[in-house]
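First comes the structure, then the notes that go with it.
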Amino acid sequence: MSEMVLILIRSISAFLLLLLMARIMGKKQISQLTFFDYCVGITIGSIAATMSVDQNVKISNGLVSLIIWGLFPIILAYGGLKSIIFSNITDGKATIVIQNGEVLEENLKKNTITVNELILLLREKGVFKFSDVEMAVLETNGDLSVMLKTEMQPITPHSIGLKPEQEHAPNILIMDGQILEKTLQKLGYSKGWLLGEVQKQGANEIEDVFVAQLDSYGNVYVDLYNEKSKKHTAEESPTAGSNIKKNPGKP
């Protein structure tokens, strides 16, 4: 067997095993990368690269090594689910570094974080003053979670006693010039109504529409294949179909 074919087989084997392990380990290994996960990722990558090109390493030995290193984070994650103490040992504990606007110097030293690094982490969260912070927590993955003081938090409808209408996820009605009929029927709208809505925004036919989206307030967003054809407003191009709001028999 030629050297190139052997490298190809070894590389494909390593890739497929890495793909399988990535699926087994789950999204947490990417979204919440701890120091241990970082070391495991580097080691697995090095093993896979070595197994692909170094023919002095038996392919069976490389695969077994990849499996063993891939099992480490899975075993630790399972152990963390069963025991908080075990989780604290393997992943560490979150640390409060600012409380009531005061920097906790001892906790910074324990985590080898300098004031400049803390200021950088705060700026990444859009915070520039220590005095604005009620609590800042250094998470186990190195990220900083920040809770602002009440008077510094953005105003929301809830904070001023308003109850806005609940908005739901929008629905795609047309994609690539094709009506998603199941979605349209589920929402209780007719094809005639949909045609009228897209014609209001410059389309001649459904096939002219790249995507059409309906929000929870009943507004339709239309994106045409040819943006230049959007010349008419709703007042300039009323259609008979646009007056058909619902299928017969539905409110």
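The values are calculated or read from the model by the stated rules, or taken from the named source; none is laboratory data. Just so we're clear, the structure is a prediction, and the values are computed from it rather than from any experiment. Every residue, glycine as well, gets a Cβ built from its backbone with ideal geometry; the counts of neighbours run over all protein chains shown. When the accessible area is computed, the model is the full protein with side chains, heavy atoms only, and any ligands, DNA or RNA have been set aside. Shrake-Rupley method; radii C 1.70, N 1.55, O 1.52, S 1.80 Å.
Go through the range 195-221 residue by residue and tally those that are within 9 Å of Ile174 (Cα to Cα) and touching a residue at least 40 places away in the same chain (Cβ under 8 Å).
Number satisfying all stated conditions: 2.
Report yes if Glu165 is part of a loop (DSSP other than H, G, I, E, B), open to solvent by 80 Å² or more (accessible area, probe 1.4 Å) and not small (Gly, Ala, Ser), otherwise no.
Working: part of a loop (DSSP other than H, G, I, E, B): yes; open to solvent by 80 Å² or more (accessible area, probe 1.4 Å): yes; not small (Gly, Ala, Ser): yes.
Answer is yes for this residue.
Kindly list the number of the only condition in (1) touching a Lys or Arg at 6+ places or on another chain (Cβ under 7 Å); (2) modelled with pLDDT of 85 or more that fails for Ile59.
(2)
In the range 91-118, how many residues are in a helix (DSSP H, G or I) and either crowded, with 17+ Cβ neighbours inside 10 Å or in contact with a strand residue (DSSP E or B) (Cβ under 6 Å, 6 or more places away or on another chain) (or both)? Talk me through it step by step, then tell me what you get.
Step one: of the range 91-118, the residues in a helix (DSSP H, G or I) are 91, 105-110, 115-118.
Okay, now just the ones that are also either crowded, with 17+ Cβ neighbours inside 10 Å or in contact with a strand residue (DSSP E or B) (Cβ under 6 Å, 6 or more places away or on another chain) (or both), so 91, 107-108, 118.
Total satisfying the criteria: 4.
Please find, within the range 26-53, the residue that is most open to solvent (accessible area, probe 1.4 Å) out of those that are modelled with pLDDT under 65 and aliphatic (A, V, I, L, M).
Among them, the one singled out is Ile30.
Per-residue answers, yes or no, for (1) of a type in the set (S, T, N, Q); (2) modelled with pLDDT of 90 or more:
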site: Val146; (1), (2): no, yes
site: Gln153; (1), (2): yes, no
site: Ser159; (1), (2): yes, no
site: Asp176; (1), (2): no, yes
site: Leu184; (1), (2): no, yes
site: Ser190; (1), (2): yes, yes
site: Val198; (1), (2): no, yes
site: Gly218; (1), (2): no, no
site: Asp223; (1), (2): no, yes
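Could you list, in sequence order, the residues of the range 173-195 that are open to solvent by less than 10 Å² (accessible area, probe 1.4 Å) and under 27 Å from the mean Cα position of the chain (by Cα)?
Taking the range 173-195 first, the residues open to solvent by less than 10 Å² (accessible area, probe 1.4 Å) are 173-174, 177, 184, 188, 193-194.
Leu173, Ile174, listed by residue number.
Considering the range 55-65 alone, what residues qualify as being over 32 Å from the mean Cα position of the chain (by Cα) and open to solvent by less than 50 Å² (accessible area, probe 1.4 Å)? Give the derivation first.
Here is the first cut: in the range 55-65, the ones over 32 Å from the mean Cα position of the chain (by Cα) are 55-62, 64.
Listed by number, the residues that qualify are Val57, Gly62.
Report, ordered by the first and then the second residue, all pairs with beta carbons closer than 7 Å, sequence separation of six or more or different chains, a first member in the range 179-190 that is free of Cβ contacts under 8 Å to residues at least 60 places away in the same chain, and a second member that is among the hydrophobic types (A, V, I, L, M, F, W, C) and part of a loop (DSSP other than H, G, I, E, B).
Ser190/Ile244
Keeping to the range 50-59, report how many residues are assigned to a helix (DSSP H, G or I) and closer than 12 Å to Ile9 by Cα. Please lay out each step first, then the result.
If we filter the range 50-59 for residues that are assigned to a helix (DSSP H, G or I), which is where we start, we get 50-53, 59.
Now drop any that are not closer than 12 Å to Ile9 by Cα, which leaves 51-53, 59.
Result for the range 50-59: 4.
Go through the range 149-162 residue by residue and tally those that are surrounded by 10 or more Cβ atoms within 10 Å (Cβ to Cβ) and of a type in the set (A, V, I, L, M).
Start the filter on the range 149-162 by keeping residues that are surrounded by 10 or more Cβ atoms within 10 Å (Cβ to Cβ), which leaves 149, 152-153, 159.
From the residues that got through so far, the ones that are of a type in the set (A, V, I, L, M) too are 152.
Qualifying residue count for the region: 1.
Kindly list the number of the only condition in (1) at pLDDT 80 or above; (2) assigned to a helix (DSSP H, G or I); (3) loosely packed, with under 13 Cβ neighbours inside 10 Å that fails for Leu71.
Leu71 satisfies all of (1) at pLDDT 80 or above; (2) assigned to a helix (DSSP H, G or I); (3) loosely packed, with under 13 Cβ neighbours inside 10 Å except (3).
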